[in-house]
Amino acid sequence: MGQNIRLAIQKSGRLSEESLKLIRDCGIQVPASNGTLKAVSPNFPIEVLFLRDDDIPGYVEEGVADLGIAGGNVVEEKGRNITTIHKLGFSKCRLSLAVPKEFAYQSLQDLNGMDIATSYPRILSGFLQNNGLACNIHEISGSVEIAPGIGLAGAICDIVSSGSTLLTNGLKEVAVVYHSEAVLVGSPQTSPEKQQLIDKLWFRIKSLQQAKNYKYILLNAPETALPRIKELLPGMRSPTVMPLATTGWVSVHSVIRENDFWEQIENIRAAGAEGILVIPIEKMIL
Ligand code: PRT
Ligand code: ZN
């Protein structure tokens with residue numbers, strides 16, 4: 001019996017639910033934490049550690065955890081020596097500059113020399129430097145959006161999702177500094193045994209992600225429409241074609257990217273297809 005891998009996820013917050021769901025959708029059972037720091041899976045050699053998101057990059061760098069799930073914004077801000085293994089596609093948000101709505105903003109240059117409040121001094125200073133701006137950064141740990149109102153700073157740099165927090169505080173978003181989403185991070189050095197388990201986990205995550213982008217499509221069409229429908233639905237190798245009880249008609253089964261489906265649906269119908277069903281795919285191994 002080999003070692004367990006340790007995965008650090010956020011204990012309670014915006015990332016917690018999706019992080020846990022991702023692991024469970026991989027067929028890995030994780031007992032409910034009930035406030036404990038750690039849960040051991042009964043069916044995969046993994047221990048899940050429940051931590052504050054800000055601490056996850058540091059724990060991974062120090063080897064306390066082999067893997068972590070954190071916001072790209074936090075990973076980038078901490079600047080730890082860890083590798084981003086992959087983007088996970090959830091908790092999407094942006095780190096943006098915002099100013100009071102009456103500020104006559106035209107270009108980034110208008111911010112030059114200003115006081116900017118943020119919890120992300122490292123990402124912000126990189127951005128300012130790249131854009132040739134010199135500003136005074138005021139690092140504050142929370143409620144950044146109130147800084148202009150209380151006279152602490154003329155602008156802020158904070159996480160924006162729907163934009164309603166900015167709006168209720170009389171602010172407007174003027175530039176995106178960093179696009180973020182949840183990421184899977186790992187330590188740069190891993191033993192071969194642990195790497196094997198990480199690869200196994202990553203394979204499962206990948207098959208879920210691929211499945212999300214594709215749909216299974218079934219349709220009926222006259223045989224004469226087949227050449228055109230095959231062009232529109234190439235499938236993984238080529239579509240499955242089965243005869244219907246009605247002569248001259250076939251059922252076509254294939255997979256299609258969700259985005260392509262909406263683009264192609266009119267063409268597919270125009271080619272003669274009817275009774276079109278589109279079904280989600282749970283896992284997809286290419
Ligand atoms: O307790 P712990 O330290 O673990 O959690 P936390 O409070 O530091 O983090 P949490 O749970 O709030 O966020 C975790 C991660 O979720 C962040 O690091 C981001 O990667 C991501 N995320 C996604 C967000 C948002 N959306 C978000 N909207 N993080 C914060 N916000 C806040 C933002 O700071 C602002 O106050 O929501 C407000 C803006 O939201 P809108 O919708 O009004 O624009
Ligand atoms: Zn935090």
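The values are calculated or read from the model by the stated rules, or taken from the named source; none is laboratory data. Here the structure is a predicted model, which is why all the values come from computation and not from measurement. So basically every Cβ, Gly included, is an ideal-geometry build from the backbone, and we count neighbours across all protein chains shown. What goes into the accessible areas is simple: the full protein's heavy atoms, side chains included, and nothing from ligands, DNA or RNA. Shrake-Rupley method; radii C 1.70, N 1.55, O 1.52, S 1.80 Å.
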Checklist outcome for this item: In the stretch 1-110, the GluC sites (Glu not before Pro) that sit in a DSSP loop and have at most 13 other Cβ atoms within 10 Å of their own Cβ are Glu62, Glu102
Checklist entry - Which one of Asn136, Ala211, Tyr178 is farthest out on the positive end of the charge dipole of the chain, using unit charges on Cβ (Lys, Arg +1; Asp, Glu -1) and the Cα centre as origin? => result Ala211
Next on the checklist: Using a Gaussian network model on the chain with a 10 Å cutoff between Cα atoms, which of Ala270, Ala155, Ala70 fluctuates the most?
Outcome noted: Ala270
Item to check | Helix 16-25 axis, angle to the chain major axis (alpha carbon atoms, nearest 10°) | outcome: 30 degrees
Item to check | Helix-only CD estimate at 222 nm, as mean residue ellipticity for the chain, using -39500 (n - 2.57) per DSSP H run (n ≥ 4) | outcome: -8000 deg cm²/dmol
Checklist entry - Over all Cα pairs of the stretch 180-264, how is the pair count split among 5 Å bins, expressed in % and running from 0 up to the last occupied bin? => result 3, 12, 17, 15, 11, 9, 8, 8, 7, 5, 3, 1, 0
Next on the checklist: Report the Cα centroid-to-centroid distance between the stretch 264-286 and the stretch 218-258 in angstrom, as an integer.
Outcome noted: 9 Å
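Send over the Kirkwood Rh of the stretch 192-234, from the inverse of the averaged 1/r over different Cα pairs, rounded to one decimal Å.
Working: mean 1/r = 0.0739 Å⁻¹.
Averaging 1/r across every pair of different Cα atoms and inverting gives 13.5 Å.
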Item to check | Options Tyr105, Ser251, Asn81, ranked by Cα towards positive dipole end of the chain, top entry (Cβ charges) | outcome: Ser251
Checklist entry - Peptides 179-187, 248-256, 34-42: what's the order by average Cβ count within 10 Å, highest mean first? => result 179-187, 248-256, 34-42
Checklist entry - Cα extents of the stretch 86-169 along the three principal axes, largest first, in whole Å? => result 37, 30, 26
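Please get the size of the charge dipole for the chain, origin at its Cα centre, with Cβ charges of +1 on Lys and Arg and -1 on Asp and Glu, quoted in debye to the nearest 20.
Values: 27 positive and 30 negative charges, 154 e Å.
Dipole magnitude for the chain comes out near 740 debye.
Rank these by accessible area, largest first, 1.4 Å probe: Arg237, Arg269, Arg257, Arg52.
Sorted descending by solvent-accessible area, the residues read Arg237, Arg52, Arg269, Arg257.
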Checklist entry - Dividing the Cα convex hull volume of the chain by residue count, how many Å³ per residue is that? => result 197 Å³
Checklist entry - When the chain is modelled as a GNM with alpha-carbon springs shorter than 10 Å, which of Lys215, Lys230, Lys11 fluctuates the most? => result Lys230
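Full-extension gain between Phe203 and Glu139, please, as 0.36 nm times their residue separation minus the C-alpha to C-alpha distance. Write out the running numbers ahead of the final one.
Details: separation 64, 0.36 × 64 = 23.04 nm, distance 3.95 nm.
That works out to 19.1 nm of additional length.
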Checklist entry - Taking the stretch 209-286, which GluC sites (Glu not before Pro) meet the DSSP loop condition and have no more than 12 other C-beta atoms within 10 Å? => result Glu282
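Under 1.5 on a/c is rounded, so check that first for the stretch 140-286, then, if it is not, pick prolate when a/b is larger than b/c and oblate when it is not; a ≥ b ≥ c are the square roots of the alpha carbon gyration tensor eigenvalues. Intermediate values should be presented prior to the final figure.
On the way: a/c = 4.77, a/b = 1.85, b/c = 2.58.
Cα axes put the stretch 140-286 in the oblate bin.
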Checklist outcome for this item: With 0.36 nm assigned to each residue of separation and the Cα-Cα distance removed, Thr168 to Val40 gains 41.8 nm
Next on the checklist: Given a 10 angstrom Cα cut-off, can you work out which residue in Ala271, Ala117, Ala147 is the most mobile in a GNM of the chain?
Outcome noted: Ala271
Checklist entry - What angle do you read, to the nearest 10 degrees and between 0 and 90, between the alpha-carbon axis of helix 121-130 and the longest principal axis of the chain? => result 80 degrees
Checklist outcome for this item: Quick note, the stretch 1-72: a/c under 1.5 would make it rounded; otherwise a/b > b/c is prolate and the rest oblate (a ≥ b ≥ c, C-alpha gyration tensor); here it is oblate
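Here is the link list: Lys92/Lys230; Lys11/Lys101; Lys38/Lys78; Lys172/Lys206; Lys21/Lys172. Which ones come out longer than 28 Å on Cα distance? Intermediate values should be presented prior to the final figure.
Working: Lys92/Lys230 36 Å; Lys11/Lys101 36 Å; Lys38/Lys78 23 Å; Lys172/Lys206 37 Å; Lys21/Lys172 34 Å.
Violating the 28 Å Cα-Cα cut-off are Lys92/Lys230; Lys11/Lys101; Lys172/Lys206; Lys21/Lys172.
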Checklist entry - In whole angstrom, how far apart do the alpha carbon centroids of the stretch 63-85 and the stretch 2-42 sit? => result 17 Å
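At 1.4 Å probe radius, can you tell me the per residue accessible area of the chain in Å²?
On the way: 15500 Å² over 286 residues.
I get 54 Å² per residue for this part.
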Checklist entry - Using the alpha-carbon atoms, what tilt in degrees (0 to 90, nearest 10) does helix 192-213 show relative to the longest principal axis of the chain? => result 70 degrees
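Of Thr224, Thr84, which has the most accessible area and how do the rest follow, probe 1.4 Å? Each step should come with its number before you reach the end.
Working: Thr224 125, Thr84 80 Å².
The most accessible residue leads, giving Thr224, Thr84.
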Checklist outcome for this item: Expressed as a percent, the accessible surface of the chain that is carbon or sulfur, using a 1.4 Å probe and the full set of protein chains, is 49 percent
Checklist entry - Can you put Met114, Met242 in order of accessible area, largest first, using a 1.4 Å probe? => result Met242, Met114
